[in-house]
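The values are calculated or read from the model by the stated rules, or taken from the named source; none is laboratory data. For clarity, every value in this text was computed on a predicted model and none was experimentally measured. Ideal geometry is used to build each Cβ from the backbone, glycine not excepted, and the neighbour counts take in all protein chains shown. The protein model used for the area step is the full one, side chains on, heavy atoms only, and it has no ligands, DNA or RNA in it. Shrake-Rupley method; radii C 1.70, N 1.55, O 1.52, S 1.80 Å.
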Amino acid sequence: MANTASAKKMTRKIEKRTAVNRSRRSRMRTFVRKVEEAIATGNQQDALTALRAAEPEMMRAAQHGIVHKNNASRKVSRLAARVKALAA
């Protein structure tokens, strides 16, 4: 348990930051899920639209440290490849 004033303040800051990070992570996952669902239906146009909306969300999450930059790039790349494969 925090004893000093600075430690108590840090716990308050961490709680706020955790809430923001949880919201950002959830938002990113929602956008990714929309792409996954569009891919599952087989509609390339919907999947492409969803991917264009999801990519900036994923990169923004990476910028804020929610996920690692390479992790976000890898996910975008793999989703883009799956969307591209729908045309074939």
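Select from region 1-13 the residues that are open to solvent by 70 Å² or more (accessible area, probe 1.4 Å) and either within 22 Å of His64 (Cα to Cα) or touching a helix residue (DSSP H, G or I) at 6+ places or on another chain (Cβ under 8 Å) (or both) and list them in ascending order.
Answer for region 1-13, where residues must be open to solvent by 70 Å² or more (accessible area, probe 1.4 Å) and either within 22 Å of His64 (Cα to Cα) or touching a helix residue (DSSP H, G or I) at 6+ places or on another chain (Cβ under 8 Å) (or both): Lys9, Met10, Arg12, Lys13.
Which residue pairs have Cβ atoms under 7 Å apart, sit 6 or more places apart or on different chains, and have a first residue in region 14-29 that is open to solvent by 100 Å² or more (accessible area, probe 1.4 Å) and a second that is in a helix (DSSP H, G or I)?
Close Cβ pairs satisfying both conditions: Arg27/Glu57.
If you go through region 22-45 one residue at a time, do you hit one that is farther than 22 Å from Ala80 by Cβ and among the aliphatic types (A, V, I, L, M)?
No, that holds for no residue.
From the residues in region 32-88 that are outside any helix (DSSP H, G or I) and open to solvent by 40 Å² or more (accessible area, probe 1.4 Å), which one is farthest from Thr18 (Cα to Cα)?
My answer is Ala88.
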